[in-house]
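Encoded as structure tokens, the structure appears first; notes follow it.
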Amino acid sequence: MFNEINSSNFIRNIIIEDLETGKHKKIITRFPPEPNGYLHVGHAKSIVLNSGLAEEFNGKFNLRFDDTNPTKEDTEYVESIKEDVKWLGGNWDEIFFASNYFDTMYEKAILLIKKGLAYVCDLTPEEMKEYRGSLTEPGKESPYRNRTAQENLDLFERMRKGEFKDGEKVLRAKIDMASPNINFRDPIIYRIAHAEHHNTKDKWCIYPMYDFAHPIEDAIEGITHSICTLEFEDHRPLYDWVVKECEMESVPRQIEFARLNMTNTVMSKRKLKQLVDEGIVDGWDDPRMPTISGLRRRGYTPEAIRNFCSAIGVAKSNSLVDSQMLEYFIREDLQLKAPSAMAAMRPLKLVITNYPEGQTEMLEIENNAKDESQGKRLVSFSRELYIEQEDFMEVPVKKYFRLFPGNEVRLKGAYFVKCTDVIKNENGEVTEIHCTYDPETKSGSGFTGRKVKGTIHWVDVKTAKPAEFRLFEPLILDDIEENEGKNFLEQINPNSMEVLQGFIESTAVENAKVQDKLQFIRNGFFTVDSKYTTDKKLVFNRIVSLKSSFKLK
């Protein structure tokens, strides 16, 4: 399913070479999210890449939860990640939890202490930062660095038993405080956290740090290619050091690739959580969010997201992707899938004064203008209709070809109508327009007497279903990555969602279910919202507009 992303990239070439030289007989990849939030579209790139490589080379793909921080992790996130990975098509062979390896990690920490390669340190976080040095200055050794192995074993055991408070002591690897790579300057590998873990409950009060846990997890599972994003490139020497000094049998290879950065998009779980916690959005699955659950609720398809990941490819250098590129792929995916429908989101009543009162006829309208094989549907038509407000202008601007007094247009799939009168309320607002129709001009009748320049859509007042329509714009006004000095909340678009009350033709929605996709004529692609739709209320999310100036290079 995911082979398309792997047509050509440097990671694939590494794997081909490793298989051809016999270094590996079978490759094993993994997707290792921390369950401290919901997955976003950036994670989709990693899922597609890791799952796709395993699929292409008949290997194995693991889903592993990197749950080493109990203060931020939750079962809710575990379940949401499973759902998102499965929905995207990332079918894992096995599922693991880092927390299931805590006993092994503890044993490896003991091994390092016995080898003189780890020690218990009492420095405060502030002191440790001061001792660490900088990119241009070497660090200073901790005064606790030369504790004996026996003393360190005793203190570490007491840490495990809960005799010390959070932050009172840590276990550090003993490597090189003068290393030009700051990650080598005696990094913390265990800290104290008196917090209940979602998986191990209260068994532990000490927890391994990511840089210590992750290489051990990979080695235990026999991961051959540990694929991660570029910010971990400087951590690779430490990754290799842990595998070697912990004497792991399996030796995985870490490979880094560029993470996904998109315009007008937050790619930080911390910031996304802030949006949720502060009520700026209505949850992790808000359709304005770049989360997988948000994209799913908005109406994106897994195929569109996978095709997007394929198109952006796998590179070694970071770049910024235009968010309109993702919109391009959902538009391409839905053009032939989503059946057409007519809706008036900002309704204006149109009365055909010479149409027989009480009469209703059923008109045939194509289900998809781009695919005749989808056939036609019957839509009711009568004297009173709803049209879009923007399809009428009392004083038309130049090159306006829709309805205005004295002008004639075609009602899609129906007749020519000419505007004869305008009804206004006490405030001077247009509330209703009157037209006459020409019965000789019925669509499909072969009428050739005259032509009109405009065609507009409509909904029959008699049978129209009331509905709510939610239109979205980018949640972020400009690029987060280029404005790191700003509080990103200052970049929130106050007009990111517009809610409209209108009507939709009954035929198109008589069997509508949550997540069904429709192509509203001239208005865009829409889906039935999964959170607010009820038996009594239809709510539609606009997935994307029908057209865009964006061109795929």
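The values are calculated or read from the model by the stated rules, or taken from the named source; none is laboratory data. In this text, all values refer to a predicted model and were calculated from it rather than measured experimentally. Cβ: placed from backbone, ideal geometry, glycine included. Neighbour counts: every protein chain shown. These area figures cover heavy atoms from the full protein model, side chains too; ligands, DNA and RNA do not enter into them. Shrake-Rupley method; radii C 1.70, N 1.55, O 1.52, S 1.80 Å.
Listing for the model above:
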| read-out | value |
| --- | --- |
| Alpha carbon centroid spacing (whole Å) that separates the stretch 255-273 from the stretch 177-193 | 26 Å |
| Per DSSP, loop trypsin sites (Lys or Arg not before Pro) in the stretch 437-540 with at most 14 further Cβ within 10 Å | R450, K451, K453, K462, K486, K513, K531, K536, K537 |
| Simple label model, 7 Å out from Cα along Cβ direction - L378 to V351, nm | 2.9 nm |
| Accessible surface, the stretch 102-209, averaged per residue in Å² (probe 1.4 Å) | 51 Å² |
| Largest to smallest principal axis extent of the C-alpha atoms in the chain, angstrom | 101, 56, 43 |
| Full-stretch length increase - T463, V251 - with 0.36 nm per residue and alpha-carbon distance subtracted | 69.6 nm |
| Overall Cα dimensions of the stretch 465-545 - principal axes, largest extent first, Å | 52, 24, 19 |
| Pair R270, K453: separation of 7 Å Cα→Cβ label points (nm) | 5.7 nm |
| Hydrodynamic radius by Kirkwood, which averages 1/r over all alpha carbon pairs of the stretch 340-460, in angstrom | 15.0 Å |
| Surface share of carbon and sulfur [accessible, 1.4 angstrom probe, percent] for the chain | 46 percent |
| 20 Å reach of a label modelled at L336, 7 Å along Cα-to-Cβ, counting backbone N of the stretch 299-326 | 300-311 |
| Helix 210-221 axis, angle to the chain major axis (alpha carbon atoms, nearest 10°) | 90 degrees |
| In range of the label at S548: residues from the stretch 246-284 whose backbone nitrogen is under 11 Å from the point 7 Å along Cα→Cβ | 263 |
| Label point at K26 placed 7 Å out along Cα→Cβ; residues across the stretch 208-229 whose backbone nitrogen lies under 20 Å | 217-227 |
| Chymotrypsin sites (Phe, Trp or Tyr not before Pro) within the stretch 251-346: DSSP coil, no more than 10 neighbouring Cβ in 10 Å | none |
| Helix 10-20 axis, angle to the chain major axis (alpha carbon atoms, nearest 10°) | 60 degrees |
| Förster radius 51 Å - calculated FRET efficiency between K72 and K424, Cβ distance, rounded to 0.05 | 0.30 |
| Chain lengthening between R259 and D277 when straightened (0.36 nm per residue, less Cα-Cα) | 3.9 nm |
| Mean accessible surface per residue for the stretch 340-460, computed with a 1.4 Å probe while every protein chain stays in place, in Å² | 52 Å² |
| FRET efficiency, N100 to E168 (Cβ-Cβ, R0 22 Å, nearest 0.05) | 0.20 |
| Stretchable slack from R160 to D478, in nm (0.36 nm times residue separation minus alpha-carbon distance) | 109.8 nm |
| Pairwise FRET efficiency - N36 versus N146, Cβ, R0 = 35 Å, nearest 0.05 | 0.45 |
| R132 accessible area, assembled protein chains, probe 1.4 Å, Å² | 100 Å² |
| Distance between the stretch 338-373 and the stretch 235-252 - C-alpha centres, whole angstrom | 67 Å |
| Angle in degrees between helix 149-161 and the longest Cα principal axis of the chain, rounded to the nearest 10 | 40 degrees |
| For the stretch 471-553, accessible area per residue (1.4 Å probe, heavy atoms of protein chains only), Å² | 56 Å² |
| DSSP beta bridge pairing in the chain, given as percent antiparallel to the nearest 5 | 65 percent |
| With DNA, RNA and ligands ignored, accessible area of S373 (1.4 Å probe; Å², nearest 10) | 100 Å² |
| Cα→Cβ-extended label distance, 7 Å offset, between K399 and D516, nm | 3.8 nm |
| Kirkwood hydrodynamic radius over Cα pairs of the stretch 102-209, then Stokes diffusion coefficient at 37 °C and 0.692 mPa s, in µm²/s | 231 µm²/s |
